[in-house]
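Just so you know, all these numbers are worked out from the coordinates, no wet-lab data involved. Quick caveat: nothing in here was measured; it's all calculated off a predicted structure. Every residue, glycine as well, gets a Cβ built from its backbone with ideal geometry; the counts of neighbours run over all protein chains shown.
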4 protein chains.
Amino acid sequence: MTENKKTLLPALRPEVSNRLEKAVMDVFSHSDFHRANIRDVAKAAGVSFTTIYKHFGSKEQLVFTYVNLWLGRLTDRIIDHLQGIEDLKEKLRKVFWLQLDYYERHPYLGRMLFMTLPMATWMADKTFEQKKMVHLYLEVLKKGQEEGILNPRVRSGVLLDIMMGLVQRSFFMWVQRGCKESLAEQSNVLFDMVWRAISVPEKE
Amino acid sequence: MTENKKTLLPALRPEVSNRLEKAVMDVFSHSDFHRANIRDVAKAAGVSFTTIYKHFGSKEQLVFTYVNLWLGRLTDRIIDHLQGIEDLKEKLRKVFWLQLDYYERHPYLGRMLFMTLPMATWMADKTFEQKKMVHLYLEVLKKGQEEGILNPRVRSGVLLDIMMGLVQRSFFMWVQRGCKESLAEQSNVLFDMVWRAISVPEKE
Amino acid sequence: MTENKKTLLPALRPEVSNRLEKAVMDVFSHSDFHRANIRDVAKAAGVSFTTIYKHFGSKEQLVFTYVNLWLGRLTDRIIDHLQGIEDLKEKLRKVFWLQLDYYERHPYLGRMLFMTLPMATWMADKTFEQKKMVHLYLEVLKKGQEEGILNPRVRSGVLLDIMMGLVQRSFFMWVQRGCKESLAEQSNVLFDMVWRAISVPEKE
Amino acid sequence: MTENKKTLLPALRPEVSNRLEKAVMDVFSHSDFHRANIRDVAKAAGVSFTTIYKHFGSKEQLVFTYVNLWLGRLTDRIIDHLQGIEDLKEKLRKVFWLQLDYYERHPYLGRMLFMTLPMATWMADKTFEQKKMVHLYLEVLKKGQEEGILNPRVRSGVLLDIMMGLVQRSFFMWVQRGCKESLAEQSNVLFDMVWRAISVPEKE
DNA sequence: AATGAATGAGGTTTCATTCAT
DNA sequence: TATGAATGAAACCTCATTCAT
């Protein structure tokens, strides 16, 4: 991780990087990418505009860098929490919950990831952390298919798509409805549906 | 519908409107919103950009207007196709397929809707057609719940989220993988999973 | 001239161009080129910053364009005044006076031309009007040499250098001393010296 | 002189100062002041740019300091060469030649002095060495006027202006024409003209 | 004393949007 | 009504200059 951070965030004093992180959260999660404005970020972070440019090179890279950092933290958290869980279903349930919980507690991340990130560029450019997370899932899902627990007739990617699609859509709708009820609390109900979708029917 | 269109698209000579439609498709589906440029749209459409402003008022409204138009066409098509189908499962299967099929044949719409639209503003502003489509679904889903066919323990919105989440995610991944295999052809496999997720388990 | 102006100054409303002219005078003649700042020019002229860039392309071109315009006016004035003067000496005397007089009444021009213009670029790029003026002089000087009135043993350019060198240096020193005495009033005294320098000695 | 140099050039290891001198020559004589860039100077000199700031305080001071140093060397050379010449005309001829010769052999100095120096600031700030040189000349010229050899009807400054104006203009034109013929070799021809301009006409 | 990082200013570009015709 | 010019904002980029080590 430290390694990773070094690559992503060139030598910025941690204190500065922290202020910048907060500023990016704030500015970019509250308006569409094209309306957010780097000068506001700089002002909010108490960092000079030029410094931001020297370190990130562009408005897009600034956002991408922090989104990657945050996704990295979610990934780390997932890895951490999976330890010691053996049952496949419980693993997936945990992963599903961890995502809803994380996005609920860090709505700026969900907002940016699902609502404001300039996707065309993002997809072309960096999916580092996303890839890591995806690999993590796919391994588990593939094993589940091999063991005859999960539906083997589709690419494991499809199983993932059901989970991820629901996470994204649920978050989006939750925001749309004003973030009222807890997102994470719905995890079990939602996951039960996901599980029925991806698991092999009892006797077929 | 005609009524509706009139509201959406102010008096532009149909020939001009057609050229503009194509231009918007092209320009906005191929790059992120903030990179797409109204002058390019105007040039491609052979209209002066000021004319665009007269009619649409802003870059965002221009895009929103056409996305609404296209979503309206999808909705119309769905309404049309649902005629004469009685079975709930077949209705939903058809709707699911219609979406994948439509986005596959009109990838610019999927690209814009799922990838380049400035969501914060879009959500705040217009979901006309989306709302219409959503109401359409929700009615069907609610009826299904009442009839004991669909899982009654969740808001009907959740059932929708599973479908829509998978549509969006599938489209997104399809683009990501380079639009190789047919999207619509996977409809049945995917829908079977969705159906297991949302229907009431055989004997409970 | 009108022709000329069209080339130099693309369609700017004359009223705007006038305000801009004054602003350039002011801003660029009162500080060194690298300290003068386009945003101040724009503000002083009540023109948008962007408009300046659209029309001139760079800080240098903005200055060069106006300097050329002013030099063009001086050239026009010289051409006008030379009419009807036959005697070579009187022609040159007039030219000499016209320059001192012009720079005295338009010190911003002298300041910019002799003190703040980025010469390396200026020389490489545009000497349109200067060339015109120089040709004007050289013709007269060459004729004087052919007629045996002016020193024939040097390139006519050298004769010019004496005149121009003194004009520039006199202006420079005049500014240095605080623009006290009249510059044009010294014209005759100075010219007599120049004349002795460039004319063929009485009996040699 | 040593005293003087100490004032001008603060304690820099002579080796460093030499490298810096060359770098300043190079960088500032080849482009306009505002395009020349201190980092390039630092790089060329193998010094950190911060060191330059410690010693010179600003880009302008850096240039001014070295120009003064070089002008000082020219002045020293002039003082040296004037020794033992009694005849006024020969003194002035020598001085005139020394300047053309010096600028020809050190074109970077001429370039900087006559073409790239930010004059407004230079004039306001430092003319140390120039003043010294000027005083040197003025003394000689005044004496010539008192002795009835030089035109007594103008300020001695004017006599100087003719010389200096021609030096500057000749250098400038020489550069403009590509530094082809030798500048110093034209000294006599030019000086004869200057002499006619400033001396009292044979019998008047 | 010497250095690299940070800063502020301002040149340069590109746009969305508005104005005037 | 349709258009090109003008505008303001902000991205982008380079530097002189300052700060902190």
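For C:ARG105 and D:GLU146, what is the calculated FRET efficiency with R₀ set at 56 Å and r taken between the beta-carbons, to the nearest 0.05?
For R0 = 56 Å, the calculated efficiency reads 0.95.
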Sorting D:LEU141, D:VAL27, D:LEU82 by the position of each Cα along the dipole of chain D (Lys, Arg +1; Asp, Glu -1; all at Cβ), the one nearest the positive end of that ordering is D:VAL27
Give me the distance in nm between label points sitting 7 Å out from Cα along the Cα-to-Cβ direction at C:ILE79 and C:VAL200, one decimal.
3.1 nm
For Cα pairs less than 8 Å apart in space and 6+ apart in sequence, what is the mean separation divided by the residue count of region A:59-198, i.e. the relative contact order in percent?
33 percent
If you count, for every residue in C:163-174, the Cβ atoms of partner chains within 10 Å of its Cβ, what is the mean?
6
Here the tail fraction of P(r) beyond 27 Å, over all Cα-Cα pairs of chain C, rounds in percent to 36 percent
Shortest first and in nm with one decimal, please list how far the D:HIS30 label point sits from its counterparts in the other copies (point 7 Å along Cα→Cβ).
3.7, 4.2, 5.0
At a Förster distance of 56 Å, what's the computed FRET efficiency of B:ALA44 paired with A:LYS180, Cβ-Cβ distance as r, to 0.05?
0.80
Cut-off 20 Å, label 7 Å out along Cα→Cβ of D:GLN61, residues of region D:108-122 by amide N:
D:117-122
On C-alpha positions alone, give me the angle between the axis of helix B:156-176 and the longest principal axis of chain B, in degrees, nearest 10.
60 degrees
So, counting K/R as plus one and D/E as minus one, what does the shell of residues with Cβ under 13 Å around A:VAL47 add up to?
+3
Exceeding the 25 Å Cα-Cα cut-off - candidates A:LYS94/A:LYS131; C:LYS89/D:LYS142; A:LYS142/B:LYS180; A:LYS54/A:LYS131; B:LYS89/B:LYS126; A:LYS59/D:LYS43
C:LYS89/D:LYS142; A:LYS54/A:LYS131; B:LYS89/B:LYS126; A:LYS59/D:LYS43
Over all residues in B:25-34, what is the mean tally of Cβ atoms on other chains that come within 10 Å of each residue's Cβ?
3
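Please give the charge dipole size of chain D, origin at the Cα centre, charges +1 on K and R Cβ atoms and -1 on D and E Cβ atoms. Round to the nearest 20 debye.
Approximately 620 debye in magnitude.
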Compare A:ALA124, A:ALA23, A:ALA42 in a GNM of chain A, Cα atoms joined below 10 Å, and give the one with the largest fluctuation.
A:ALA124
What are the extents of the Cα atoms of the protein assembly as shown along their three principal axes, listed from largest to smallest and rounded to whole Å?
135, 65, 39
What angle, in degrees between 0 and 90 and rounded to the nearest 10, separates the Cα long axis of helix C:14-30 from the longest principal axis of the Cα atoms of chain C?
70 degrees
Rounded to whole angstrom, the alpha-carbon centroid of region C:53-123 lies from that of region A:59-87 at a distance of 68 Å
Quick one: angle between helix A:59-82 and the longest Cα principal axis of chain A, in degrees between 0 and 90, rounded to 10, please.
40 degrees
Of the convex hull drawn through the C-alpha atoms of region D:35-154, the volume per residue in Å³ is 126 Å³
Tell me, what is the Rg over Rh of region A:79-146, with Rh the Kirkwood radius over Cα pairs?
1.03
Need one value for B:35-42: mean number of C-beta atoms belonging to other chains within 10 Å of its residues' C-beta atoms.
1
